[in-house]
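Colleague: Next up is a structure, given as structure tokens.
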Amino acid sequence: DIESPSADGNVASSAVRTATCDECVENEKAVAKCVDCSAMLCSCHAEGHPRSRATYKHKVERLSGDAAHLATKEPTALCPIHPAHDLRSFCTECNTLLCRQCEATHPAEHNQQLLSIGDASARAKAAVNKMLGTGTEDGESQLDVAFEEVVQAIQSLHTQTEEVSAEVKEYFDGLVAGLRKRETQVLDDLDQLRTKNILPLEARRSRFGALISASSNAKRCV
């Protein structure tokens with residue numbers, strides 16, 4: 001085992017035992033490290049790593065004899081599908097994080113779209129910084145302005161909604177009042193029609209009834 005010096009100059013004995021190849025099932029000793037995905041690699045996989053379609057753009061560095069260097073593997077999240085493997089790449093085509101096992105079954109046509117976790121993180125950070133402007137106080141200021149604009153837009157929308165609601169209520173209140181007024185006018189017209197036409201007819205019916213009754217009485221007297 002290679003030992004690494006501790007902060008006080010003494011030798012720590014536990015660091016190197018973690019420096020094994022991430023690709024080997026036999027846990028071969030790591031002799032190199034991928035700068036992009038932080039994978040620890042044995043001599044065999046260090047040669048093959050830059051030749052893989054998924055990692056051909058990655059930079060592999062040989063490890064020195066300094067055990068502190070060997071123990072610098074970045075902490076990574078475990079794959080939820082294959083818990084024994086770290087997540088190490090990101091597919092920009094399907095927006096998915098992948099481990100080594102996931103890469104083996106991932107669609108081959110997506111291989112050109114794979115980024116290392118480091119590259120994906122850097123790209124996401126750049127996108128956020130671009131959205132914020134500079135990523136500093138200016139960016140935060142722009143974000144505050146954008147937030148305030150959203151708040152004002154919401155307030156304006158509430159105000160407009162209330163105004164439209166008031167206009168709609170006023171319109172339909174007027175419409176109902178107009179219909180009621182029209183109802184009263186129609187009923188008055190019907191009443192006038194009855195007075196003008198039906199009442200004279202009823203009077204004529206009464207006179208005819210009286211004549212018929214008088215004629216019947218006259219016949220009985222004869």
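The values are calculated or read from the model by the stated rules, or taken from the named source; none is laboratory data. What you see is a predicted model, and the numbers here were worked out from it, not measured in a lab. As a convention, Cβ positions derive from the backbone with ideal geometry for all residues, glycine included, and neighbour counts pool all protein chains shown. Ligands, DNA and RNA are stripped out before the accessible areas are found, and what is left, the full protein with its side chains, is counted by its heavy atoms. Shrake-Rupley method; radii C 1.70, N 1.55, O 1.52, S 1.80 Å.
Colleague: Probe radius 1.4 Å, ligands and nucleic acids left out: which of Val150, Val31 has the largest accessible area, and how do the rest follow?
Modeller: Descending accessible area places them as Val150, Val31.
Colleague: How high is the FRET efficiency between Leu193 and Ser213 when r is their beta carbon distance and R₀ equals 30 Å, given to the nearest 0.05? Walk me through the numbers before you get to the answer.
Modeller: Working: r = 30 Å, r/R0 = 1.00.
E between Leu193 and Ser213, to the nearest 0.05, is 0.50.
Colleague: Under 12 Å from the Cβ of Leu98, count the other residues' Cβ atoms, weight Lys and Arg +1, Asp and Glu -1, and hand me the total. It would help to have the intermediate numbers written out before the result.
Modeller: Details: positive: Arg88, Arg100; negative: Asp86, Glu93, Glu103.
For residues surrounding Leu98, the net value is -1.
Colleague: How much length is gained on full extension from Leu201 to Ser64, taking 0.36 nm per residue of separation minus their Cα-Cα distance?
Modeller: Details: separation 137, 0.36 × 137 = 49.32 nm, distance 12.41 nm.
36.9 nm is the gain from fully extending Leu201 to Ser64.
Colleague: When the dipole is taken about the Cα centre of the stretch 106-220, and only Lys, Arg (+1) and Asp, Glu (-1) are charged at their Cβ, what size is it in debye, to the nearest 20? Spell out each step's value before the answer.
Modeller: Details: 14 positive and 18 negative charges, 476 e Å.
The dipole of the stretch 106-220 has a size of about 2280 debye.
Colleague: Same structure, new question: How many percent of the accessible area of the stretch 88-207 is carbon or sulfur, using a 1.4 Å probe?
Modeller: The computed percentage sits at 56.
Colleague: Right, another one. Got a sec? What order do Thr55, Thr105 fall in by accessible area at 1.4 Å, biggest, i.e. largest, first? Kindly include the intermediate steps, with their values, before the conclusion.
Modeller: Values: Thr55 5, Thr105 115 Å².
So, going from the largest accessible area down, we get Thr105, Thr55.
Colleague: Here's a follow-up. Mind checking which lysines have their Cα closer than 22 Å to the Cα of Lys29? Skip sequence neighbours fewer than 8 apart in that chain.
Modeller: Lys59, Lys73
Colleague: Continuing with the same structure: Evaluate E = 1/(1 + (r/R0)^6) for Leu97 and Leu157, where r is the Cβ-Cβ distance and R0 equals 41 Å; express this FRET efficiency to the nearest 0.05.
Modeller: Rounded to the nearest 0.05, the efficiency is 0.60.
Colleague: Please give the FRET efficiency for Ala124 paired with Arg182, using the beta carbon to beta carbon distance and R0 = 45 Å, rounded to the nearest 0.05. Walk me through the numbers before you get to the answer.
Modeller: Working: r = 66 Å, r/R0 = 1.48.
For Ala124 and Arg182, the calculated efficiency is 0.10.
Colleague: Below 15 angstrom from the Cβ of Pro107, what's the summed charge of the other residues (Lys, Arg +1; Asp, Glu -1)?
Modeller: Values: positive: Arg53; negative: Glu93, Glu103, Glu109.
Result for the local shell: -2.
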